[in-house]
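Just below is one structure, and these are the notes that go with it.
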Amino acid sequence: MKIVISIDSFKGSLSSMEAGTAVATGIHRVNPQTEVVIKPLADGGEGTVSALIEGMNGQKVTIPVTGPLEEKVQATYGVIADQKLAVIEMSEAAGLTLVPPAQRNPLFTTTYGVGELILDAVEKGCRHFIIGIGGSATNDGGAGMLQALGFDLLDANEKPIALGGQGLAELKEIRCDRVPEVLQECEFRIACDVTNPLCGPNGSSAVFGPQKGATKDMVADLDGWLMNFAKVAQAQFPKADPLAPGTGAAGGLGFAFQAFLQGKLEPGIDIVLETIALEKALLDADLVITGEGRLDEQTAMGKAPVGVAKLAKKHGKTVIAFAGSVTSGARECNKQGIDAYFPILRQITTLEEAMDNEQAAQNLADTTEQVMRLVRKEEN
């Protein structure tokens with residue numbers, strides 16, 4: 001029997017690979033000869049770097065970069081050397097959690113550090129990039145990132161515009177003379193799970209600006225400045241479409257990647273599943289196991305376990321899911337390809353006890369063992 005395990009992290013408790021290993025332990029208690037393949041799982045958001053690095057023999061790199069408030073921060077990204085692949089979460093360099101609530105103001109926050117991460121990865125030989133752009137503190141249209149990469153964003157006096165969303169008010173010209181030629185060799189896949197355009201009532205400023213500290217007046221200004229940015233960019237870059245779905249992600253960072261770097265905006269789970277080659281692994285599988293810390297109606301709306309289930313169902317595979325907890329809304333997961341799901345808590349416990357790494361691994365292994373005893377009986 002062959003079983004493929006691709007299970008998301010149990011946030012705050014087990015990493016994706018730790019969860020997969022616990023499931024494998026439970027399986028082998030029942031039948032040590034079962035072939036088990038563990039594939040790391042994430043959805044392109046928080047935890048993607050850790051999952052892919054841990055599961056694909058990569059390494060983490062930590063460097064100082066320019067943070068959202070122009071101060072230095074330590075940012076970590078992943079490198080999978082044999083694939084020349086860098087895995088970056090933009091929030092490491094320009095995330096909302098890096099800005100104290102009292103200082104949140106998208107007029108000033110910048111994506112400059114994201115560009116610095118990309119340049120560092122390029123210097124280390126990376127030519128393929130997976131970049132998660134959730135959790136941003138910025139609304140600068142990716143201008144800061146572009147400036148770090150060598151794009152000259154100039155005002156009417158041919159001087160560099162200021163960092164932050166405010167700088168776009170002065171933008172008149174974009175020059176590319178200093179952009180490293182090696183960027184043309186790079187492929188950027190952007191994990192983008194929102195479809196908002198760059199501008200307008202559903203754009204980045206209107207929808208996401210307030211949570212980053214934007215007032216009503218700021219939203220109007222930022223929206224207009226982003227439109228100006230798009231118009232200036234369109235003179236040179238044919239993909240500079242401010243109405244394209246996803247260009248409003250991360251305060252317009254999606255726009256910058258698509259327009260200037262030929263980036264492809266894709267659902268994060270699709271990128272991860274292709275990167276880990278899950279489909280190839282499950283072609284001859286007898287069973288597929290997935291899950292995450294909490295299964296609910298949100299899971300059914302396209303989160304990582306459902307992505308696994310849909311791919312498995314494409315090939316007619318049975319899918320089981322494990323979770324730390326489930327809600328009544330988790331029934332929707334059955335409609336999305338998860339044949340059965342099981343919570344792993346085995347007795348009344350405190351949240352702290354349930355989240356303990358060793359306890360969670362034991363609970364997951366024990367629950368898997370009992371499910372697999374039933375599977376074995378049905379096979380016989």
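Observations on the structure shown:
- Contacts under 6 angstrom Cβ, first residue in region 136-148 being under 17 Å from Cys192 (Cβ atoms), partner crowded, with 24+ Cβ neighbours inside 10 Å and among the aromatic types (Phe, Trp, Tyr), 6 or more apart: Gly141/Phe229; Gly141/Phe255
- Residues of region 180-189 satisfying the condition of being touching a helix residue (DSSP H, G or I) at 6+ places or on another chain (Cβ under 9 Å) and within 10 Å of Leu261 (Cβ to Cβ): Leu183, Cys186, Phe188
- Scan of region 72-91 for residues that are within 17 Å of the chain's Cα centre (by Cα) and part of a strand (DSSP E or B), ordered by number: Ala75, Thr76, Tyr77, Gly78, Val79, Ile80, Leu85, Ala86, Val87, Ile88, Glu89
- So Glu116, is it in contact with a helix residue (DSSP H, G or I) (Cβ under 6 Å, 6 or more places away or on another chain) and farther than 25 Å from Asp152 by Cβ: no
- Number of positions in region 39-75 that are over 18 Å from Gly268 (Cβ atoms) and surrounded by fewer than 21 Cβ atoms within 10 Å (Cβ to Cβ): 13
- Among the candidates Leu117, Leu69, the residue that is modelled with pLDDT of 95 or more and either part of a loop (DSSP other than H, G, I, E, B) or of a type in the set (Val, Ile, Thr) (or both) is uniquely Leu69.
Okay, residues lined up against (1) in contact (Cβ under 8 Å) with a residue 24 or more places away in the chain; (2) under 29 Å from Gly142 (Cβ atoms); (3) outside any loop (DSSP other than H, G, I, E, B):
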position: Ala22; (1), (2), (3): yes, no, yes
position: Ile27; (1), (2), (3): yes, no, yes
position: Pro32; (1), (2), (3): no, no, no
position: Gly45; (1), (2), (3): yes, yes, no
position: Ala51; (1), (2), (3): yes, yes, yes
position: Ala93; (1), (2), (3): yes, yes, yes
position: Ala102; (1), (2), (3): no, yes, yes
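- Matching residues, region 168-209, being under 24 Å from Ile269 (Cβ atoms) and open to solvent by less than 40 Å² (accessible area, probe 1.4 Å): Cys186, Phe188, Arg189, Ile190, Ala191, Cys192, Asn196, Pro197, Leu198, Ser204
For (1) buried (at least 19 other Cβ atoms within 10 Å of the Cβ); (2) within 25 Å of the chain's Cα centre (by Cα), each residue gets a yes or a no:
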position: Leu295; (1), (2): yes, yes
position: Lys303; (1), (2): yes, yes
position: Val308; (1), (2): yes, yes
position: Lys314; (1), (2): no, yes
position: Val319; (1), (2): yes, yes
position: Leu345; (1), (2): no, no
position: Thr368; (1), (2): yes, no
position: Glu379; (1), (2): no, no
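- For Ala156, the test of being among the small types (Gly, Ala, Ser), in a helix (DSSP H, G or I) and surrounded by fewer than 17 Cβ atoms within 10 Å (Cβ to Cβ) is failed.
The values are calculated or read from the model by the stated rules, or taken from the named source; none is laboratory data. Remember, predicted model here, so these are calculated numbers, not experimental data. Counting neighbours? That spans all protein chains shown, and the Cβs are built from the backbone with ideal geometry, glycine included. Just so you know, the surface numbers come from the protein's heavy atoms only, side chains and all, with ligands and any DNA or RNA stripped out. Shrake-Rupley method; radii C 1.70, N 1.55, O 1.52, S 1.80 Å.
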